[in-house]
1. Dividing the Cα radius of gyration by the Kirkwood radius, what Rg/Rh value follows for the range 328-400?
2. So for the chain, averaging the separation of alpha carbon pairs under 8 Å that are six or more residues apart and normalising by length, what relative contact order in percent results?
3. For the range 193-304, what is the convex hull (Cα atoms) projected area averaged across all directions, in square nanometres?
4. Report, in whole Å, the centroid distance computed from the Cα atoms of the range 515-587 and the range 110-124.
5. Output the pairs from K232/K253; K188/K253; K253/K402 with a Cα-Cα distance over 24 Å in this structure; if there are none, say none.
6. Evaluated at 25 °C with a viscosity of 0.890 mPa s, what Stokes-Einstein diffusion coefficient in µm²/s does the range 66-106 have when Rh comes from the Kirkwood expression over alpha-carbon pairs?
7. Count charges around Q12 for me, please; just the other residues with Cβ under 11 Å from its Cβ, Lys/Arg as +1, Asp/Glu as -1.
8. Report the relative contact order of the range 3-173, percent, no decimals, based on alpha-carbon pairs under 8 angstrom and at least 6 residues apart.
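Read-outs throughout are calculated quantities, based only on the coordinates presented, and are distinct from any laboratory measurement. These figures come from a predicted structure and were not determined experimentally. FYI the Cβ positions are ideal-geometry reconstructions off the backbone, even for glycines, and counts take in every protein chain you see.
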Amino acid sequence: MTNQGLFDLAMQHQQAGRLREAQTLYQQHLASHPDDGQATQLLGLVHLHLGQAPEALELLNRAAELDPQAPDRHCHLGMALLALSRPDEAAGALQRALALKPDYLDAWYHLAHALHAAGRLDEAVAAYRRTLELRPQFPTVHNDMGAALAAQGRYDQAVVAFQTALSQRPQYPEALNNLDEALVQQGKWAEAVAVSRQIVAMQPDSAEVHDRLAVELARAGWLEESVRSAEKAVSLRPDFAEGHNTLGMSLAKLGRLEQAKATLQRALALKPDLSSARFNLSLIYLVQGDWQRGWREFEWRWRVLKPYMPEPQFSQLMWDGGDLAGRRILLHPEGGYGDSIQFVRYVPLLARGGGKVVLACVPELQRLFQTVDGVDELAITAPSMPPFHVHCPLLSLPRLLKTSLHNIPAKVPYLRADAAQSRRWRAMLPAGKELLKVGLAWAGRPEYDDDRRRSTSLSNLAPLGQVEGVWFCSLQKGPAAQQVRALPAGFEVTDLSADLNDFADTAALIDNLDLVIAVDTAAAHLAGALAKPTWVLLPKVPDWRWMLNRDDSLWYPTMRLFRQPIAGDWDTPIRRIVEALRSLRQA
């Protein structure tokens, strides 16, 4: 056979997908025509499609040298470099191809992927967009561009990209999964549930997708349906520890605590180091008052919450509860403002035990925490801290100090308002002892996972306006503070939020009030720590610290708890508060 015949037959095999046959014939042809750039290029592509990237790179680099003005040779060289995980070099080759042929679709497509792989996300998105200008109907590119946008945190744009991909290819599991994740990252749980239902319809026998749907249903507040979906997951895979954990979590949120405990213990029997199951179990122990086991399992929180609350990394050891005499201990915050306010009560105990306490806090708490007894040095949370010997997160102190139901350090006040600030507020508030002055806080931070269960709206508190002789002011911060601007008729609330720049400001205002009414948020903890009469509205299944079936708080002696009898029923506890407010006015 002539050399031309060898070449032509090799091309026929390659086009038919018979790559091994094509490879042999190209090699025979090149043995006598080593400078045939086209054959070198095609053999390089055969190697690339066979997964032999090093051999492909050598050939495609040679082909580009033989004809440096051929854009396709630079494009194919870029493809080989990308296959070898050399994305920056790949991008260079592909950009050379585009310099020669600006509208080269394949080069733009591979350049986008090379830039994406190199972490050059802005450039990658621009290259994806250019690819789509040349070929708008390209679902994989819409999906990949969405992934690059999501990696930048540009979730709104990512969602549009994934939805476009799905409009062009409705049965596209990767785009559905990516869309679901982007919606989860935005906290759009109802929309994520709708997408997960589509995934379940495509993969009805997958325990993992039923489990994911169950998690999202729980986050959306649809707990009964979450239980059913989790039950389906574990019925498909009885040894699926994560599915049992999800089921236990949803049962716990429904208040079915004994069933939840058994389910979580089943998860741990299958996978003893499943941190989320241990953490969820700790919350049940704590809310039931089994604090010895609860505090121990609560330490698993670091593994569960790591994406949102990374464990501090210090070269010094964490305190083990031993003698602190003369040693400096760094106490550092975790969780929300309310957690810091609640557990800073332990500082005087450590100081009395001989420890020199370095207390780290966020700026919003700095001035307030200057009033804590026993603080040797106050520091703002930052990469560098003052010198210390050992450290401890605030919420580990109950375990290390062996806190039980009978020895909580509950003496209040352990925080104080600044006297000068308090006098300034007193001059601004209505005068007269006959007027009951009440502060209101009705919503927590929306970033908190369970905020939808603990928060209400200001309009739901409107029945409080029926009680005569009460002046209400807002202690609310954040987006919910704007609700003061649209109150129902007959309910007046003075908005003082613009003057509440930190918790020291709020403490000085609370110091001049007769009562604080709040949901489970930082304002309630602050009022309790100041020994102010405080009424707290709680969901049916509350956070662990409020425990169950009691109207008082072991942590705050001046606090009274008003609980939902049925999940989502705020009317009943609010009605009880109205009655209690009337009684207080008449006393």
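1. With Rh from the inverse mean 1/r over Cα pairs, Rg/Rh is 0.91.
2. Computed over the chain, the figure is 7 percent.
3. 6.5 nm²
4. 54 Å
5. In this structure, K253/K402 lie more than 24 Å apart at Cα.
6. It comes out at roughly 250 µm²/s.
7. -1
8. 11 percent
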